[in-house]
There are 2 protein chains.
Amino acid sequence: MARSSGGRSAISRAVEVLEAFDPSSNELTLTQIAARTGLPMATAHGIVTELIGLGLLERRGRDVILGVRLWELAVRAPGVVGLREIALPHLERVRDRLKQHAQLGILQGGEILYLERLSAPESVVNWTKVGGRIPWYATSSGLVLVADAPPERQDEVLGLPRPRFSVEPHPSSADLRPVLAKVRREGHAVTRGYIHPDATAVAVPIKGPYGHAVASIAVVVPTEGFRAAPVLEVLAPAAHAVSADLKQNYLG
Amino acid sequence: MARSSGGRSAISRAVEVLEAFDPSSNELTLTQIAARTGLPMATAHGIVTELIGLGLLERRGRDVILGVRLWELAVRAPGVVGLREIALPHLERVRDRLKQHAQLGILQGGEILYLERLSAPESVVNWTKVGGRIPWYATSSGLVLVADAPPERQDEVLGLPRPRFSVEPHPSSADLRPVLAKVRREGHAVTRGYIHPDATAVAVPIKGPYGHAVASIAVVVPTEGFRAAPVLEVLAPAAHAVSADLKQNYLG
């Protein structure tokens, strides 16, 4: 690949420009893009112009936004889209029965990436966004997915740095091992007030065709008056149904 | 930008590689990618390797697929994601009341791009896929969106070539003008058996904050026993509600 003086190829610089956008700043000026990527203004301008021509970026007034064309390409990613479509009717049923947020997450590096979040008008406070990430050790989905990962993957994730999120006390690897063993034994994780004191999350694993967890369904419910049993009564059958549909989809 | 001998920049070649994937072929071998892009194998290999390193592509066995990272970037595209999130609860209600497919589409060039499709177990045959496209003149959403577009945009779309889809008889621009005028007057479009004789679609416009249609909600229902009134009774209030939510979101 053609490399710039900075040693970054044209393609990787273009991806850096796309990555300058994040869930909370999805409209940027050229100056902001240059500042966030560390690219000279002229270089940033050239890449932005080219990406606009290709439809991956669009102009919105004086700002630039990620383009519809990028979304259109991305929904062809089978790792996300098949899973999301299979899980969606089951997530809806969970949300309708519990009248609280129901969300679908996968483990990416040391973070949970949320593929879907459905909410009800009555739902409690919730930090999650579709396409947003939260460190795995701060979420019920993360505990479930790491607990159910193959041993070498679990060790790898436990070896990653764990920046302080809003979990108190901050867990060490020694703390987390018995937590993960318990989650694995019980088949679900509960994080009571981890991210906000008013909200408690419960997650269960979705198993892939080879038996390991590939995703997780979680609900976020009020901490006040929380009881796990009625939540799990809804959550566990939903996760089993998604696992069964996935298996049929992959192997059928 | 650095340009190859073929005059295409590194970035545009990378986008061509991403665009080699389509909704019906979302797993490709390197040979298929080279064939679809017209790139030499060595060039295709270099770009694929770099895109895998950046997370935009992933390996799946001997094949390559679009990566989760691409999806994660794309859900930050405000043109799609805000609209989809605002529309989703209303689409669910339409699907639940009519027990048929409810879909959300936008006009992109001369085609309708479907941002969402919700289905019920009882739903009739339906061609639409999330992220899929259908020529505008073959869909109820297309008729509604072109009918409600500003005049210069309407002329532009009518001036595009209209490859034969499965609509018979194939419409000329002269045929389409009175159809569009009627759709605009009535505020909805019905395409009876256009794509499949068993399925009839009905679409209504979602208005943006400036009064033109920015998207459309459509349902696909059985042609047999079709009556427009009970469908519109559900569809029209849903579209109004999305329009109102959009307005609040943009201006509030």
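The values are calculated or read from the model by the stated rules, or taken from the named source; none is laboratory data. The structure displayed is predicted, hence computed values, not measured ones. A quick note on method: Cβ atoms are made from the backbone with ideal geometry, for glycine too, and the neighbour counts reach across all protein chains shown.
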Within the range B:121-137, track down each residue that is farther than 11 Å from A:Val75 by Cβ and at the interface with chain A (Cβ under 9 Å from one of its Cβ atoms). B:Pro121, B:Arg133
Within the range A:143-172, which residues are within 21 Å of A:Thr200 (Cβ to Cβ) and free of Cβ contacts under 8 Å to residues at least 40 places away in the same chain? A:Val146, A:Arg164, A:Phe165, A:Ser166, A:Val167, A:Glu168, A:Pro169, A:His170, A:Pro171
Would you be able to say whether some residue in the range B:34-51 is surrounded by 20 or more Cβ atoms within 10 Å (Cβ to Cβ) and under 25 Å from A:Gly105 (Cα atoms)? yes
Which condition does A:Phe165 not pass, out of (1) part of a loop (DSSP other than H, G, I, E, B); (2) in contact with a His (Cβ under 9 Å, 6 or more places away or on another chain); (3) of a type in the set (A, V, I, L, M, F, W, C), if it passes all the others? (2)
If you scan the range B:201-241, which residues turn out to be in a helix (DSSP H, G or I) and either closer than 17 Å to B:Leu107 by Cα or among the small types (Gly, Ala, Ser) (or both)? B:Ala228, B:Ala229, B:Ala236, B:Ala238, B:Ala239, B:Ala241
Within the range A:24-38, the residues that are more than 21 Å from B:Val75 (Cα to Cα) and either under 28 Å from the mean Cα position of the chain (by Cα) or not assigned by TED's automatic domain parsing to the domain that holds A:Ala14 (or both) are A:Ala34, A:Ala35, A:Gly38
Which of the numbered conditions does A:Leu145 fail, given that it passes all the others? Conditions: (1) at pLDDT below 90; (2) aliphatic (A, V, I, L, M); (3) under 30 Å from A:Arg164 (Cβ atoms); (4) not in a loop (DSSP other than H, G, I, E, B). (1)
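Take the conditions exposed (fewer than 15 other Cβ atoms within 10 Å of the Cβ) and among the small types (Gly, Ala, Ser) and apply them to B:Gly211. Does it pass? Write out each step before concluding.
Numbers: exposed (fewer than 15 other Cβ atoms within 10 Å of the Cβ): yes; among the small types (Gly, Ala, Ser): yes.
Yes: the conditions hold for B:Gly211.
Got a sec? Which strands (runs of 3 or more DSSP E) wholly within the range A:1-120 have at least 1 residues that are over 27 Å from A:Ala218 (Cβ atoms), among the β-branched types (Val, Ile, Thr) and within 8 Å of chain B (Cβ to nearest Cβ)?
A:63-66
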